[in-house]
Amino acid sequence: MDPTLLLVQGLNGLQLGIMLFLMAAGLTLIFGIMNVVNLAHGSLYMIGAYLASSFQEWTGSFLLAVLLALPATALVGVVVELVTIRRLYARDHLDQVLATFGLILFFNELVRVVWGKAARYMALPAALAGHVELAPGVRYPLFRLTIVSVGILVAVALYVLITRTRAGMLIRAGASNRTMVGALGIDIARLFTLLFGLGAAMAGLAGVMAGPILSIESGMGEPILILTFVVIVIGGIGSIRGALVAALLVGLVDTIGRAFLPPLLGTMLPPQAASQAGPALASMLIYIFMAGVLAFRPEGLFPARG
């Protein structure tokens, strides 16, 4: 096994894990704390990417595009919560699934109407377009390392918000007993609206980070949404720490499996069989990993307290 390839693929897995964490952290706040199954979370990821690409075209600056796209995506999330999600808090999860699935279809058609059917792409700023030499002969894209750094900062900020601030205390109290918190004079509806907006902004941040390395197109939120739910289940519903650990593990398992499993099977199977079985097994690895975790920890690696 080539150590250089292992290092590069490990970093790719770390970068994918951070992207999944940005998605999973926002969905954990909504699903784990607000008890709402929001299938449209991937659509907010897509909206963030589209908004960032448009802002970059208008301003010519990637940084300004990021700074404008995040509050704009949060505003979209707030509107969605006020118009649709707020009516689903008292409903069962099946109603929530059906309503938010309808939002997926709505947003997919909306971006086709506004931005067209053709895929869009974001240009990297010159400051982030280079490479970093990690070791002699080993160079890695600077932008991917920037994604990792941003994810770490977001993780720290979320930990401080949830565990060390009054807003975090109210969020945790509202999740435990929203009736009692409301009786104490706290506007729990407004608190949950702001929380939903925060989750939307984090999904938008993931979309902005994905814009320069992936094509931006209608329906791009669905594949990453599936992986995000896998991360939440593995990490433990409602746990930010669990979301971070599980996202990194899923990213590494998926990336390293896709890179090394097909060649490994090629040493044991005929070439035609290996070429067919390798990619299929590699795509199944994260689900096998999830099943293994749940067999020993049914509530996930770090289940939320209470």
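Here are a few things to note about the model shown:
- Each residue of the stretch 76-81 is assigned a 3J(HN,Hα), and the resulting list reads 4, x, 4, 4, 4, 5 Hz, derived from the Karplus form 6.51 cos²θ - 1.76 cosθ + 1.60 (θ = phi - 60°), x at Gly and Pro.
- Extension gain, Leu153 to Leu98: 0.36 nm times the residue separation minus the Cα-Cα distance gives 16.4 nm.
- Computed FRET value (nearest 0.05) for Lys117 with Ser61, which takes r as the C-beta separation and R₀ as 25 Å: 0.40
- Approximate spin-label separation Arg297-Thr146, in nm, with each point projected 7 Å along Cα-to-Cβ: 3.3
- Residues whose amide H falls under 5 Å from that of His131, counting only those 5 or more places apart or on a different chain, are Leu142, with hydrogens built in the peptide plane.
- In degrees, nearest ten, helix 240-266 long axis to first principal axis of the chain (Cα): 20
- Taking all pairs of distinct alpha-carbon atoms in the stretch 199-306, Kirkwood radius in angstrom: 15.5
- Loop-located trypsin sites (Lys or Arg not before Pro) in the stretch 86-146 (DSSP state other than H, G, I, E, B) with a sparse environment of at most 14 neighbouring Cβ atoms within 10 Å: Arg91, Lys117.
- Theoretical ellipticity at 222 nm over the chain - DSSP helices of four or more residues, -39500 (n - 2.57) apiece, nearest 500: -24500 deg cm²/dmol
- Extension gain, Ala127 back to Leu5 (0.36 nm per residue minus Cα-Cα distance, nm): 41.4 nm
Read-outs: derived from the displayed coordinates by stated rules, not from any lab. On a predicted model such as this, the values are computed, not experimentally measured, just so you know. All Cβ positions, glycine included, derive from the backbone under ideal geometry; neighbour counts span all protein chains shown.
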